[in-house]
Structure formats: structure tokens, C-alpha cells
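Student: Quick one: structure below, then a few questions.
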Amino acid sequence: MEQINSVGRRKRSVARVFLKQGSGKIVINKRDPENYLNNDILKMKVNRPFELLGISREQFDIIVNVDGGGVNGQAEAIRLGISRALEQYNPEYRSILKKDGLLMVDSRKVERKKYGKPKARRSFQFSKR
């Protein structure tokens, strides 16, 4: 099996995932995922595709370059990238991943601030008199 490339996006985060068969090594931005994802919930999000499919993460070497956004958006971008790479690896995984919503792009982004308002939609308090 050659190397599989995929991209995952969430909010302002973009994750480039490189998946190949190997010894289970995972690297996120040249760092250990235990140090990069400092929260157990974020680690669960990244490992969710493997748990759902019932396959071991130790079958694959995963290298991730992620940029932009916060840690939660980055973790969800990594999850989408891994799900897409696993789908390319074995097209039979598509139905399982799709049923759990792991192949769906969450396109919600932060709305920009408008002029004349303190936030995107919030207005200043109205005074009748």
C-alpha cells in the first residue's frame, strides 16, 4: 500500500493527513499526539474512526500537518482527514463512517463582525427616550 493523502477542514483549521501501513506511529505537527492534544476528549475525537470501524490504529502510520483555528477545530479536522483516508484505503468503510457522520463536513464558520455593531449581530441597547 502506498501513502494515502487526504484533507480535513473544520472552522479555520485545515489538516493534511498522510496514512500508510506501518507500526502505529502517529505524529501531529512533528509532535506526539499525547502532548499536542492535551485533552482526553480531543484524543477520543481523533481515534473515533478507528473505534467505529473496529480496526487497530497500530496498523497505520499517520502523519498530520494541521494549521489554523483552535485545538477543538484542529482535532475535528484531523478526524475528518483520517476518516477520508480510511475510506480511500477501503471503500467498504464508507457506509459505516457515513452512518456515524464522520465523512460529513461541518461547514459552520464564525460570522464576521459588521460595522456599527458591537458583534456580528448584537446591536447596541435601544433607548426610546
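Student: For segment 37-77, how many residues meet the condition of being of a type outside the set (Phe, Trp, Tyr), open to solvent by less than 10 Å² (accessible area, probe 1.4 Å) and either without any contact (Cβ under 8 Å) to a residue 24 or more places away in the chain or within 19 Å of residue 23 (Cα to Cα) (or both)?
Tutor: 4
Student: How many residues, within segment 38-59, are among the hydrophobic types (A, V, I, L, M, F, W, C) and over 14 Å from residue 93 (Cβ atoms)?
Tutor: Final tally of qualifying residues: 4.
Student: Quick one: how many residues across segment 85-129 are more than 19 Å from residue 56 (Cβ to Cβ) and in contact (Cβ under 8 Å) with a residue 40 or more places away in the chain?
Tutor: Applying the first criterion (more than 19 Å from residue 56 (Cβ to Cβ)) to segment 85-129 yields 91, 94-95, 98-99, 101, 103-129.
Those still in the list that are in contact (Cβ under 8 Å) with a residue 40 or more places away in the chain too: 105-106, 108-110.
Count: 5.
Student: May I ask you to verify whether residue 87 is part of a helix (DSSP H, G or I), of a type in the set (D, E, K, R) and closer than 17 Å to residue 3 by Cβ? If you could, list the steps in order and put the result at the bottom.
Tutor: Values: part of a helix (DSSP H, G or I): yes; of a type in the set (D, E, K, R): yes; closer than 17 Å to residue 3 by Cβ: yes.
Spelling it out, residue 87 is indeed part of a helix (DSSP H, G or I), of a type in the set (D, E, K, R) and closer than 17 Å to residue 3 by Cβ.
The values are calculated or read from the model by the stated rules, or taken from the named source; none is laboratory data. Predicted, not measured: the structure shown is a model, and the values here were computed from it. All Cβ positions, even for glycine, are placed from backbone atoms using ideal geometry, and neighbour counts span all protein chains on display. Each accessible area value is taken on the protein alone, full model and side chains, heavy atoms only, with ligands, DNA and RNA left out. Shrake-Rupley method; radii C 1.70, N 1.55, O 1.52, S 1.80 Å.
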